[in-house]
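Colleague: A single structure is presented below for examination.
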Amino acid sequence: MIDRNRRTVGLLPAIAAAAWAVFAPAGAQSPPADAPAAAAASPAPRVVAPAVPVRLDGETVFSVRAPLGPFTVEERAAAAEVRLRRLADDPFYSAELFTVQEAEGVTRILYGETVVGHVTEQDAAGEGATREALAATAIAHVKQAIADYHARRQPAAKHRGWAVLGIATVAFAGFLALVGWAHRRVLARVDQFETRGTQRFLQKYLSVTAGRVAAIERRAIGFLRLAAIAVAALIFLQVAFTFFPLTRGYALTVLAYVTDPITSLWRGFLSSISDLFAAGVLIVLVYYFLKGLRWLFTEVAAGKVSLPGIAREWALPMYKLVRIVVIALAVVMVFPYIPGSGTQAFKGLSLFAGALFTLGATGTIGNFIGGLVAMFVGAFRIGDWVKIGEVTGEVMETTLVLTRIRTQKNEIVTVPNSSILSTQVVNYSVRAREDGVILHTSVTIGYDAPWRTVHRLLIDAALRTPRIEKTPAPFVLQTALNDFFITYEINAYTRVPVLSIETYGELHQNIQDAFNEEGVEIMSPHFAAVRDGNTIAIPEASRKPEDHPRRFEVRVERDERAPER
């Protein structure tokens, strides 16, 4: 219930603010009579409870920690401030009239014959002291606060206040002039030798131009100037206006706005040192565990260590997946040790972040699952020649969310891994590493060319082509018997599908050379309806004597009357 709180304000002496049994309003109910009396003689266990400060002249004298009867903590604090002000303004006030009276389970604080407050077992438990000691300390703090209240209203104190105000004003004006002069001097030297080291550092590590570095420095100097002025203004307010009762409360309130958050943060830090130490130990263990995992998977990627079911190409993506899982587990373990993790604000922020992740990561999750499928199914490796949807090329890079493919035209295409789940993946390199993948192309030849000759020429052309395997041997398929020509398809094995475009080009060149050397035309003949006098379109070796066509005659008559040209 009582919280001793000291502040140092400017040139003022520190005024102690301690807890005491709150001055209950008139008519407040007394503690129950059946409270154990034995507890008054021994310290009660310390219980930390929220405190509401009770102030006199802007300074905290004591704090209220527990309700009393039907009155809340805030109501007790407000009533205590009113009662404390009445005592301080009483012209017949005497510090000798404070007394303490013991009752069953409660200690009463009296001013004359009037009960002005109580110290209960709950109050003593909040401070870890006995009721008697707590009541005596509270009376001493109230006496000192009222004595200071009276001293500040003496004529001599007012004169001192005006003198301090004048000195503080002159000092503050001089400080502002000094800050302005220093600000101008520093800005003038931004581009001089003293700042070139900073510029080189920012240019090296942040890739910032010299002009931008100078602008950053000017902003930093301006911020420091404003901070210095703000601190000086706060000190000026405390030094100058705390000597005047009319403005003292406002000055101390402004100081409380600045110091209370800092004090609260510092106390929270001190109370969380053990939790922070435990969280630090967990973080260090996880850090070195991840370093070990990275070394293991790096060795797998280099081929020095083998893990069952993990290809070398997928070692580093697998490490990234394991790292995500380990970090997620570490966050779950460290979360209870984070200061403020149990507050409603922290829980609300966590829910908000989770909702953002859920709504924004829908596509990413699909890509992630596609990456897992590609990893564990072994759909392709780095360097494989694949076709994913409409994209055909060499796999250059693969991660858990995307795959980069270099096409035959040397274009880099980024394919999201979710497409692996929604479309077919053709891998030309899987069989190429074993028996080879088949390259095929077609030519159309007329019926007058013997098919055995065409087969031989196509196979010879394939065997002349680099990167075409002799075993298994190339073979030819007649894929169509069209109206005027036959479609022949040459099929040949290669173990280098990545260079298929070059191989196709050389194969076509060799087919032209082979057919030209044999005198066979690569063409698709078409015949009109008049066949009289034309040679039958079958191989000559297969022709019969009766297959020869009948000849027909064409007579050309000249008109004698036509003029000569």
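Colleague: So which of Ala163, Ala138, Ala147, Ala156 is out of contact with any strand residue (DSSP E or B) (no Cβ under 8 Å at 6 or more places or on another chain), closer than 18 Å to Ala95 by Cα and either outside the structural domain of Ile235 (by TED's automatic domain parsing) or at pLDDT below 80 (or both)?
Modeller: Answer to the selection: Ala147.
Colleague: To continue, here is another question. Report yes if Val326 is buried (at least 16 other Cβ atoms within 10 Å of the Cβ), closer than 30 Å to Phe269 by Cα, of a type in the set (A, V, I, L, M, F, W, C) and in the same structural domain as Phe289 (by TED's automatic domain parsing), otherwise no.
Modeller: So Val326 fails the test.
Colleague: Take Tyr319 and tell me if it is modelled with pLDDT of 75 or more and closer than 21 Å to Gly280 by Cα.
Modeller: no
Colleague: Residue check: is Leu402 touching a helix residue (DSSP H, G or I) at 6+ places or on another chain (Cβ under 7 Å), surrounded by 15 or more Cβ atoms within 10 Å (Cβ to Cβ) and either under 24 Å from Tyr287 (Cβ atoms) or assigned by TED's automatic domain parsing to the domain that holds Ile501 (or both)?
Modeller: So Leu402 fails the test.
Colleague: I'd like the full set of residues that are without any contact (Cβ under 8 Å) to a residue 40 or more places away in the chain and β-branched (Val, Ile, Thr), limited to the range 298-337.
Modeller: Residues satisfying the conditions are Thr298, Val300, Val305, Ile310, Val322, Ile324, Val325, Val331, Val332.
Colleague: Next question. Might you check whether a residue that is over 29 Å from Glu397 (Cα atoms), of a type in the set (A, V, I, L, M, F, W, C) and within 22 Å of the chain's Cα centre (by Cα) occurs anywhere in the range 270-279?
Modeller: Yes: the range 270-279 contains one or more residues that are over 29 Å from Glu397 (Cα atoms), of a type in the set (A, V, I, L, M, F, W, C) and within 22 Å of the chain's Cα centre (by Cα).
Colleague: Next up: I want to confirm something. Restricting to the range 458-475 and keeping residues that are surrounded by 15 or more Cβ atoms within 10 Å (Cβ to Cβ) and β-branched (Val, Ile, Thr), which single residue is nearest to the chain's Cα centre (by Cα)?
Modeller: Ile468
Colleague: Just to be sure, is Thr414 surrounded by fewer than 15 Cβ atoms within 10 Å (Cβ to Cβ), within 21 Å of Met318 (Cα to Cα) and either modelled with pLDDT of 85 or more or not assigned by TED's automatic domain parsing to the domain that holds Ile511 (or both)?
Modeller: In short, yes.
Colleague: Within the range 302-316, track down each residue that is at pLDDT below 80 and at positive phi.
Modeller: Gly309
Colleague: In addition: Looking only at the range 87-98, filter to residues that are surrounded by fewer than 13 Cβ atoms within 10 Å (Cβ to Cβ) and not hydrophobic (A, V, I, L, M, F, W, C); which one of those is modelled with the highest pLDDT?
Modeller: Glu96
Colleague: Hey, another quick one. In the range 298-328, which residue that is among the charged types (D, E, K, R) and over 20 Å from Ala374 (Cα atoms) is farthest from the chain's Cα centre (by Cα)?
Modeller: Only one residue fits best here, namely Lys304.
Colleague: Can you tell me which residue within the range 273-301, out of those that are small (Gly, Ala, Ser) and at pLDDT 85 or above, is surrounded by the fewest Cβ atoms within 10 Å (Cβ to Cβ)?
Modeller: Per the criteria, the residue is Gly292.
Colleague: Can I ask one more? For the condition surrounded by 15 or more Cβ atoms within 10 Å (Cβ to Cβ), among the basic types (Lys, Arg) and either under 21 Å from Ile167 (Cα atoms) or modelled with pLDDT under 75 (or both), what is the one hit in Arg212, Arg225, Arg248?
Modeller: Being surrounded by 15 or more Cβ atoms within 10 Å (Cβ to Cβ), among the basic types (Lys, Arg) and either under 21 Å from Ile167 (Cα atoms) or modelled with pLDDT under 75 (or both) holds for just one of Arg212, Arg225, Arg248, which is Arg248.
Colleague: Restricting attention to the range 380-399, and to residues there that are in a loop (DSSP other than H, G, I, E, B) and buried (at least 20 other Cβ atoms within 10 Å of the Cβ), which single residue is modelled with the lowest pLDDT?
Modeller: Among them, the one singled out is Phe380.
Colleague: Looking for whichever is within 30 Å of Arg108 (Cα to Cα), at pLDDT 80 or above and not basic (Lys, Arg) here; the options are Thr169, Thr120, Thr130. Which one fits?
Modeller: Thr130
Colleague: Ala256 versus (1) in a loop (DSSP other than H, G, I, E, B); (2) over 27 Å from Leu372 (Cβ atoms): which is the lone unmet condition?
Modeller: (1)
Colleague: Quick check on the range 51-86: of everything there that is in contact with a strand residue (DSSP E or B) (Cβ under 6 Å, 6 or more places away or on another chain) and of a type in the set (S, T, N, Q), which residue is surrounded by the fewest Cβ atoms within 10 Å (Cβ to Cβ)?
Modeller: Step by step, filter the range 51-86, then rank; the result is Thr60.
Colleague: Any idea which of (1) assigned to a helix (DSSP H, G or I); (2) in contact with a Lys or Arg (Cβ under 9 Å, 6 or more places away or on another chain) is the one Ile283 doesn't satisfy?
Modeller: Unmet for Ile283, out of (1) assigned to a helix (DSSP H, G or I); (2) in contact with a Lys or Arg (Cβ under 9 Å, 6 or more places away or on another chain): (2).
Colleague: Consider only pairs whose beta carbons are under 6 Å apart and that are at least six residues apart or on different chains; among these, list those whose first residue lies in the range 454-479 and is in a loop (DSSP other than H, G, I, E, B) and whose second residue is hydrophobic (A, V, I, L, M, F, W, C) and surrounded by fewer than 21 Cβ atoms within 10 Å (Cβ to Cβ).
Modeller: Arg467/Val496; Pro474/Ile459
Colleague: While we're looking at this one, here's another question. Exactly one condition in (1) in a helix (DSSP H, G or I); (2) among the charged types (D, E, K, R); (3) in the same structural domain as Lys387 (by TED's automatic domain parsing) is not met by Lys409; state its number.
Modeller: It is condition (1) that Lys409 fails.
Colleague: On to the next question. Can you work out which of the residues in the range 104-116 that are at negative phi and not charged (D, E, K, R) is surrounded by the fewest Cβ atoms within 10 Å (Cβ to Cβ)?
Modeller: Once the filter is applied, the top-ranked residue is Thr114.
Colleague: Okay, moving on. When Glu434 is evaluated against the numbered criteria (1) part of a loop (DSSP other than H, G, I, E, B); (2) touching a helix residue (DSSP H, G or I) at 6+ places or on another chain (Cβ under 8 Å), which criterion, by number, is the only one it fails?
Modeller: Every condition holds for Glu434 apart from (2).
Colleague: A further question follows. What are the pairs with Cβ atoms under 9 angstrom where one residue, in the range 363-382, is under 19 Å from Pro308 (Cβ atoms) and the other, located anywhere, is at pLDDT 75 or above and among the basic types (Lys, Arg)? Sequence gap at least six, or different chains.
Modeller: Taking only residues 6 or more apart or on different chains, the pairs are Arg381/Arg312.
The values are calculated or read from the model by the stated rules, or taken from the named source; none is laboratory data. What you are looking at is a predicted structure, and each value in this text was computed from that prediction instead of being measured. Glycine also receives a Cβ, built like all others from the backbone with ideal geometry; neighbour counts cover every protein chain displayed.
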